[in-house]
Amino acid sequence: MLRLSREIAAPADLGLAGVIGVPEGSRLNLKLRLESVMEGVLVTGTVRGSATGECVRCLESVERELKADFQEMFSYPDADDRTRSKAEPADDAEDDEDTLLLEDGLFDLEPVLRDVVVLALPLQPVCREDCLGLCPDCGLSLNDDPDHHHDAVDIRWAALQGLVTDQGVEKDNMSGTASDGVQSDAAEKQEK
């Protein structure tokens, strides 16, 4: 068994495109444990780094610390021949796709890191859990002004809007003043 610690530069496109990811060239810290087993080398490790992106609600920048654990078997090229029982079929295409091979005594961790990092990233990152997002009408950040709103009038009711004043008193169609019946009702309510 061998334990290693390495710091590597992040490869390109490590993350969810347009949402959140590890910037290319930023530092990733790896802690690895390599174990020789009958079929090959078992690699167990942890990757740590920093991911940046945008909040899906308010579009502010988001930075998250990333930590992901992984374990992967890198097989010797001839391991299948040595460990396969005689009863098994010789070409199992599904197993061959998932098998990672050692090449000249070396293994490539990039596909493994890409898989584990992408799965560890949030699909919908937010700047904070109670982020209010943006106003759908004007785009103002509701985090800055939580009481922000627009008085939207349904166009189907817009013609009736002119018939009611702020206190609920009807206007006379001709003069624009409150009608006599409504005025006397309002006066009675004030006296009580």
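The values are calculated or read from the model by the stated rules, or taken from the named source; none is laboratory data. Nothing here was measured: the structure is a model prediction, and the numbers come from that model. We place every Cβ from the backbone using ideal geometry, glycine too, and count neighbours over all the protein chains shown. The accessibility values were calculated without ligands, DNA or RNA, using every heavy atom of the protein model including side chains. Shrake-Rupley method; radii C 1.70, N 1.55, O 1.52, S 1.80 Å.
Brief remarks on what is shown
- Taken as a whole, segment 70-84 holds at least one residue that is modelled with pLDDT under 90 and of a type in the set (Lys, Arg).
- GLY25 small (Gly, Ala, Ser) and in contact with a helix residue (DSSP H, G or I) (Cβ under 8 Å, 6 or more places away or on another chain): no
- Screening SER61 against (1) under 22 Å from the mean Cα position of the chain (by Cα); (2) of a type outside the set (D, E, K, R); (3) surrounded by 13 or more Cβ atoms within 10 Å (Cβ to Cβ) leaves a single unmet condition, (3).
- Residue list for segment 35-52, restricted to those being open to solvent by 20 Å² or more (accessible area, probe 1.4 Å), modelled with pLDDT under 95 and small (Gly, Ala, Ser): SER36
- Restricting attention to segment 10-34, the residues that are within 22 Å of PHE107 (Cα to Cα), in a strand (DSSP E or B) and either touching an Asp or Glu at 6+ places or on another chain (Cβ under 8 Å) or open to solvent by 50 Å² or more (accessible area, probe 1.4 Å) (or both) add up to 7.
- Conditions (1) open to solvent by 70 Å² or more (accessible area, probe 1.4 Å); (2) at pLDDT 55 or above; number of the one not met by LEU100: (1)
- Checking each residue in segment 141-165 for being polar (S, T, N, Q) and touching a residue at least 60 places away in the same chain (Cβ under 8 Å) picks out SER141, ASN143.
- Looking across segment 103-133, the residues that are open to solvent by less than 40 Å² (accessible area, probe 1.4 Å) and assigned to a loop (DSSP other than H, G, I, E, B) come down to LEU109, LEU121, PRO125, VAL126, CYS131, GLY133.
- Here ALA93 meets the list (1) exposed (fewer than 11 other Cβ atoms within 10 Å of the Cβ); (2) at pLDDT 80 or above; (3) farther than 30 Å from PRO136 by Cα almost entirely, failing just condition (2).
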